[in-house]
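Heads up: the structure comes next, in structure tokens.
The values are calculated or read from the model by the stated rules, or taken from the named source; none is laboratory data. This structure is a prediction, so every number in the text was calculated from the model and none was measured. A quick note on method: Cβ atoms are made from the backbone with ideal geometry, for glycine too, and the neighbour counts reach across all protein chains shown. Calculation scope for accessible area: heavy atoms of the full protein, side chains included, ligands and nucleic acids excluded. Shrake-Rupley method; radii C 1.70, N 1.55, O 1.52, S 1.80 Å.
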Amino acid sequence: MNLYLAAQDPTLADFGKDPWWLVLGKIVFAFVFGLLATLLGVWFERRVVGRMAVRPGPNQVGPFGLLQTLADGLKMAFKEDILPRTADKVVFFFAPTISVICAVTSLSVVPFGPMVSIFGHHTPLQVTDVSVAVLVILACSSMGIYGIVLGGWASGSTYPLLGGLRSSAQMISYEVAMGLSIVAVFMTAGTMSTSGIVAAQGDATELTIAGQQIPAPGWYAILLLPSFIIFFIAMVGETNRAPFDLPEAESELVAGFMTEYSSLKFALFMLSEYVSMVTMSAVTTTLFLGGWRAPWPITLWAGANSGWWPMLWFFGKVIALVFVFVWLRGTLPRLRYDQFMRFGWKVLLPINLVWILVLSGLRSIEDWQTKDRLLATGIGAGVLLLATLFWPSRKKAPKPPLQEQVNSRPHGSFPLPPMDLQVPPSPRTKRVVAEREPANVVAGSESGEV
């Protein structure tokens, strides 16, 4: 196989031609990647947070504590499995399984590399790809919410049910913002195929400024920076990670959807969270960070994006995003539930809609002449600036002075405490003092020494 075939981007026509054993091998690889990334991700998180907190972290089981996660899993497997008496046994068992399966399934449409040769078969390093692959990822993310809802409902208890509903409302709210942020990627790439999106980020974008062609980066994390920021924030909220980890908050220890779970069922819920973190990091790499393509300094090497090397760049980007997840956990405090929901619906969603509208306008005037394009852009920017300046303020009216508030009180109102914060002496004080017996009795004429 020549270098050109090894470095070419896969297309939809390249899928569906592999033998059954090769397809099975890809499926096993994706599953093993998700499982090992989860095991190492738990160890990685504890080590990084320990480093940030100036403590060692796990370092006893295995070299550098690498086997600590495996030991914790074995310990959890041998714990007592408690089944509530009022629980729905079938749903109670399958709820955590649904969360894990949906998280792992998303990896099936994530490209790990370009076309390679495996035992003489030219095949892409991807399980499968369809024309709406990104919608498959969103569907798997939506189906994962059922595991949380059913887990809380099947427990047969009121508090887990309420905790499951609240957690599902949190995930659905941020899924809306995450879905809208991907619209900008569709508009720019012209496809919903994950391999096509990676291919669209391979060529540098040419910007025309003052008649000069200036090459710009092809990564959508730079070209579509607002979408990338909103997507990453929504992704953190979608995966229940800090500072949005409300389902695992201290107040949820007796009211969360996992309250009645123990042993391996509880481990499956925790596994689904870490698998979702790794999967969404891989999706972010695919949609915004060029996928398996090497970053700029490495692209100077002609063979950087050929053969099996792109898998190294892909895994490096995923590890960098997982580090950001851990960094947020060790840095930011947890938000309140009302702040979290308000931020999703009243901040991220409006900004996302305005950004999509602006991007649509910019793409619609791409074929115009330079003068007309600058004029249209200037008018749009001016309208946006005026709307920002004259937008009605939500500031509360200043309160009148305290004395004015006192004078405006209606007749017959309750008495006010003293404004100078000095309490006058009680009229009973002198009487109590007078009735009290003196502590020292003055010696009279009848007294005498003994």
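Here are a few things to note about the model shown:
- Checking Leu138 against (1) in contact with an Asp or Glu (Cβ under 8 Å, 6 or more places away or on another chain); (2) assigned to a strand (DSSP E or B), the condition it does not meet: (2)
- Of all residues making up the range 143-196, the number that are crowded, with 24+ Cβ neighbours inside 10 Å and assigned to a loop (DSSP other than H, G, I, E, B): 1
- Filter pass, Ala30 being in contact (Cβ under 8 Å) with a residue 24 or more places away in the chain, out of contact with any helix residue (DSSP H, G or I) (no Cβ under 9 Å at 6 or more places or on another chain) and not acidic (Asp, Glu): no
- Matching residues, the range 116-135, being assigned to a strand (DSSP E or B), open to solvent by 10 Å² or more (accessible area, probe 1.4 Å) and farther than 16 Å from Phe315 by Cα: Ser117, Ile118, His121, His122
- Check on Thr97, farther than 30 Å from Val198 by Cα and open to solvent by 20 Å² or more (accessible area, probe 1.4 Å): yes
- In the range 11-33, the condition of being of a type outside the set (A, V, I, L, M), within 26 Å of the chain's Cα centre (by Cα) and either modelled with pLDDT under 90 or open to solvent by 60 Å² or more (accessible area, probe 1.4 Å) (or both) is met by at least one residue.
- Scanning the range 65-94 for residues that are over 13 Å from Pro160 (Cβ atoms) and loosely packed, with under 12 Cβ neighbours inside 10 Å gives Leu74, Lys75, Ala77, Phe78, Glu80, Arg85, Lys89, Val90.
- Selection of the range 338-377 for residues being touching a residue at least 40 places away in the same chain (Cβ under 8 Å) and open to solvent by less than 60 Å² (accessible area, probe 1.4 Å) yields Phe340, Met341, Gly344, Leu348, Leu349, Asn352, Trp355, Ile356, Leu359, Ser360.
- Subset of the range 197-221 that is open to solvent by 60 Å² or more (accessible area, probe 1.4 Å) and in contact with a helix residue (DSSP H, G or I) (Cβ under 8 Å, 6 or more places away or on another chain) - its residue that is modelled with the highest pLDDT: Trp219
- Count - residues of the range 385-413 that are open to solvent by 80 Å² or more (accessible area, probe 1.4 Å) and closer than 30 Å to Val358 by Cβ: 10
- If you go through the range 353-408 and pick out every residue that is part of a loop (DSSP other than H, G, I, E, B) and over 30 Å from Leu223 (Cα atoms), you end up with 11.
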